[in-house]
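We did not get these values from a lab; they are worked out from the coordinates using the rules stated. These numbers come from a predicted model, not from an experiment. Every residue, glycine as well, gets a Cβ built from its backbone with ideal geometry; the counts of neighbours run over all protein chains shown.
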Amino acid sequence: MTVQLQRSATVAGPVRRVRRSKHRPIWEEQPTIAGYVGKTVALTLIVLAVLYPLYTIVLTSISTQATINAAGGLVTVPGEITFAAYRQILSGGIVTRATLVSIGITAVGTLLSTTVSVLCAYGLSRPNSFAHRPILFLLLATMFFGAGMIPTYLLVSHLGLIDSYWALILPTAVSAFNVLIVRNFFMGIDQAITDAARIDGAGEWRVLGQIVLPMSKAVTAVVALFYGVGYWNAFFNAMLYINDNSKWPLQLVLRSYVLQGVTLPGSGVGQVDVASGAVTGLPVKMAVVVMAIVPVLIVYPFVQRHFTKGVIFGAIKG
């Protein structure tokens, strides 16, 4: 028997043992020491490139005029510290009012836009919804074709929204891109879960509110972040539709004062008050920049953990 097996093995050729490779794909391999060092250096340089301008702006905003004069402009080495610039712009002038306007517009606009986007996405994610495909194609068309600035301005004007806060919200209330992200996320939810809820007697509103939305916190948070940052940073619509400077948002004040050097009435900016020691010029400009940046920096860490999951999962499904 042994001789026959050896002969058959000889006739059939040598037996090759197929071994599974113990090596993982290159992207799963542990990096070498050189790789660790290279990544550390690259990430450190990127972090410094981001933090250094912010550090300079914040330090300049809390420096005295003498420190700024000694530095010849933006301050990089701490000197005498004062918060006179912040007290000056928050003393009840146009900057304070513009900050409140931006907060109100961002809060109302984000809530409205997120709500409308979720409702639209949920309707488009149901295969048997009314006019599903035509509405979806119409929504996609808005991503590639727009009416233009003049027709949009005429529409806002005929609706009586000039010098109205709604002119800063309604023209950009819905983003087709955000709706598609939420729609794709909804389509990735197991259909059996929603079908079971309907069998138990739940209506569409209850399915959306108690089943779909709790499972979609990540994508909802990401979309709300997109809308919130967009409303907070927007200034162009205000420049077109708001003629009353008492209704200007903070970003338009920032553009007018910091970039164009316009003296803002009622803000105390541009007026030298030697007796009170008020700081004017560059420190006040940098203080306005800090006020425009800080809210986003505060909110972003709370949403960042949902960012990758929400965007990537919503993008690859559907």
Taking only C-alpha pairs under 8 Å that are 6+ residues apart, what is the relative contact order of segment 37-186 in percent? 22
Placing each pseudo-label 7 Å from Cα in the direction of the beta carbon, Arg126 and Ile293 end up separated by a distance in nanometres of 4.7
Going by amide H atoms built from the backbone, whose H comes under 5 Å of the H on Ser63, apart from near neighbours? Thr82
Alpha carbon Rg of segment 188-232, scaled by the compact-globule rule 2.2 N^0.38 Å: 1.45
Hull surface over four for the Cα convex hull of segment 32-82, reported in nm², is 4.0
Cα convex hull volume per residue for segment 115-179 (Å³): 101
Over segment 32-82, what relative contact order in percent results from Cα pairs under 8 Å that are six or more residues apart? 30
Multiply the residue gap between Leu111 and Thr76 by 0.36 nm, knock off their C-alpha separation, and tell me the result in nm, one decimal place. 8.6 nm
